[in-house]
Structures are given as structure tokens and as C-alpha cells.
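Note sheet for the following structure.
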């Protein structure tokens, strides 16, 4: 019988592909442009094509892979410092002692 699982809260790095290949190469040195002009990202599962607007994600082990914008938007929230209040406002029921630890941990991350 299948079980339900929740993704662990992991911070990743990502860059939206907007056609600026030199900038992308600084982030993802393995990226290539194909003979047809498509963006190719070598992944652990083989080469994947990305189109304009896709996000290129750097995974927790340093691997890269493309992600369609709509899926990215449903899966990830920006956690740059200016977006922390939004993240804190969206907390769901959590005991006060855990909320305090969470806030302290976030402050340490961005100190």
C-alpha cells in the first residue's frame, strides 16, 4: 500500500533560463547549446532540454536539472532575505517553542 511522504525543507539554488548563456554557464558549467540552439543540461538521468522560462536547479548534491516554470512555482518559494516575512506568515499550526527555534535558525542562516 502506498504511503504519503512530504519533501524535506531543503534550500536549493536555481536560475531562470532567459537566454543569457554566459550567465547560465557561471551557474551551471555543464550546460550546452545544441546544434539546433536548444539548451541541454546534463543530469544524473541523462541529457535534458530546457526552454526559455524554465528554471535550472542545482540539487543538494551539486547536480543540475531543468524544471518547468509552472512546476517550479508550485514547488518552491524564494527564501532570499527580503522574502522571509512572507515565509514566516505562511507557517501553519506549530507549537510556539518550535516557531521560536525556526525563527532563530533562519536568523542564523542570514546573519
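Here are some notes:
- Where strands (runs of 3 or more DSSP E) fall wholly inside segment 1-87, the ranges with 3 or more residues that are more than 27 Å from residue 104 (Cβ to Cβ), outside the structural domain of residue 103 (by TED's automatic domain parsing) and touching a strand residue (DSSP E or B) at 6+ places or on another chain (Cβ under 7 Å) are 39-43, 46-50, 55-58, 64-67.
- Residue satisfying condition, being surrounded by 14 or more Cβ atoms within 10 Å (Cβ to Cβ) and either in contact (Cβ under 8 Å) with a residue 60 or more places away in the chain or over 30 Å from residue 103 (Cα atoms) (or both), within set 20, 54, 47, 38: 54
- Checked against the criteria, residue 108 does not count as part of a helix (DSSP H, G or I), modelled with pLDDT of 95 or more and over 12 Å from the mean Cα position of the chain (by Cα).
The values are calculated or read from the model by the stated rules, or taken from the named source; none is laboratory data. What you see is a predicted model, and the numbers here were worked out from it, not measured in a lab. We place every Cβ from the backbone using ideal geometry, glycine too, and count neighbours over all the protein chains shown.
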